[in-house]
Amino acid sequence: MIKREFKVNYKSFIIWTLVLIIMFLVVFLIYPFIITDDTVKNLDEMMKVFPPELLKAFNMDISSINSAYGWLKTEGFMFVLLIVGFYSSILGNNVLLKEESDKTIEYLISLPIKRNKILTNKIIVSITYIVLMVLAIGIFNYIALLFSGDFNQKQYILLSITPILIAFPMFSLNLFISSFLHKTKKTIGISLGLVFFFYLLSVLSELSSKIEFIKYFSIYTLSDTRNVITNININPINILISIGISIFFIILTYVNYNKKELL
């Protein structure tokens with residue numbers, strides 16, 4: 001059954017991963033041609049125009065975008081976190097509901113397989129694809145950076161890991177939500193909305209000290225790329241919270257899925 005799950009979900013994995021890889025390929029190809037002494041000077045002048053709070057929200061106050069690696073640490077990882085978040089959320093919402101929408105759930109429950117086994121197989125496959133996506137993007141960018149110039153390898157490796165800290169909680173939360181629904185048509189909006197909502201909270205919390213507390217309501221705070229850039233380490237508390245949230249919602253999913261009336 002696990003082989004079937006890998007086959008069913010591999011196309012979406014390939015598409016989402018290629019979207020990011022192609023985007024970064026374009027950046028690495030054109031950056032050497034657009035970054036000159038004049039453009040670097042213009043970029044530095046342009047950065048002075050933006051409010052410090054806005055620069056902080058995108059890590060541009062601690063990293064210059066005058067190199068491919070500098071861009072990667074700011075806007076680049078913003079795209080990685082968003083795309084990985086989208087993929088994990090949609091995967092969490094669809095991995096169970098697709099069976100009901102396609103009416104294949106009737107076949108699955110007719111087999112001598114318990115619901116827990118079905119759910120476990122889907123979770124294993126989903127987590128594997130999320131890790132493979134993050135790994136593929138990380139390896140591609142690492143190889144590209146080797147050709148583009150000097151970069152802090154330890155810092156980059158840690159940055160490459162951070163998307164997992166938000167991906168697993170986003171996946172498990174959406175998996176739990178999907179255990180209450182029956183149709184995939186309703187889930188895309190929920191998936192995208194949750195990603196934008198949590199990411200917006202994370203960005204807004206950096207704009208003013210008065211609303212800094214809202215970052216504690218955002219899953220994206222767990223990625224904490226700013227800490228990785230400045231201190232070159234991942235806060236172990238964030239790892240524990242990420243694991244805790246994921247396990248919590250997965251347990252709730254098992255409980256609710258076993259009670260759910262399948263179509």
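Exactly one residue out of I247, I237 is out of contact with any Leu (no Cβ under 9 Å at 6 or more places or on another chain), at pLDDT 90 or above and over 28 Å from N152 (Cα atoms), and it is I247. Scanning the stretch 148-186 for residues that are more than 15 Å from the chain's Cα centre (by Cα), more than 30 Å from V255 (Cα to Cα), touching a residue at least 60 places away in the same chain (Cβ under 8 Å) and in a helix (DSSP H, G or I) gives S148, K154, Q155, Y156.
The residue that is surrounded by the most Cβ atoms within 10 Å (Cβ to Cβ), among those in the stretch 47-95 that are among the charged types (D, E, K, R) and touching a residue at least 60 places away in the same chain (Cβ under 8 Å), is K73.
Here is a yes/no grid of residues against (1) modelled with pLDDT of 90 or more; (2) of a type in the set (V, I, T):
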{"site": "V131", "(1), (2)": "yes, yes"}
{"site": "Y142", "(1), (2)": "yes, no"}
{"site": "D150", "(1), (2)": "no, no"}
{"site": "Q153", "(1), (2)": "yes, no"}
{"site": "T162", "(1), (2)": "yes, yes"}
{"site": "M170", "(1), (2)": "yes, no"}
{"site": "V195", "(1), (2)": "yes, yes"}
{"site": "L207", "(1), (2)": "no, no"}
{"site": "I219", "(1), (2)": "yes, yes"}
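Conditions (1) in a helix (DSSP H, G or I); (2) over 17 Å from the mean Cα position of the chain (by Cα); (3) modelled with pLDDT of 90 or more; (4) not aliphatic (A, V, I, L, M), marked per residue:
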site	(1), (2), (3), (4)
I30	yes, yes, no, no
F77	yes, no, no, yes
N94	yes, no, no, yes
Y107	yes, yes, no, yes
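T230 meets the conditions (1) over 14 Å from the mean Cα position of the chain (by Cα); (2) surrounded by 17 or more Cβ atoms within 10 Å (Cβ to Cβ) in every case but one. The failed one is (2).
The values are calculated or read from the model by the stated rules, or taken from the named source; none is laboratory data. Everything numeric in this text was worked out from a predicted model, so none of it was measured. A quick note on method: Cβ atoms are made from the backbone with ideal geometry, for glycine too, and the neighbour counts reach across all protein chains shown.
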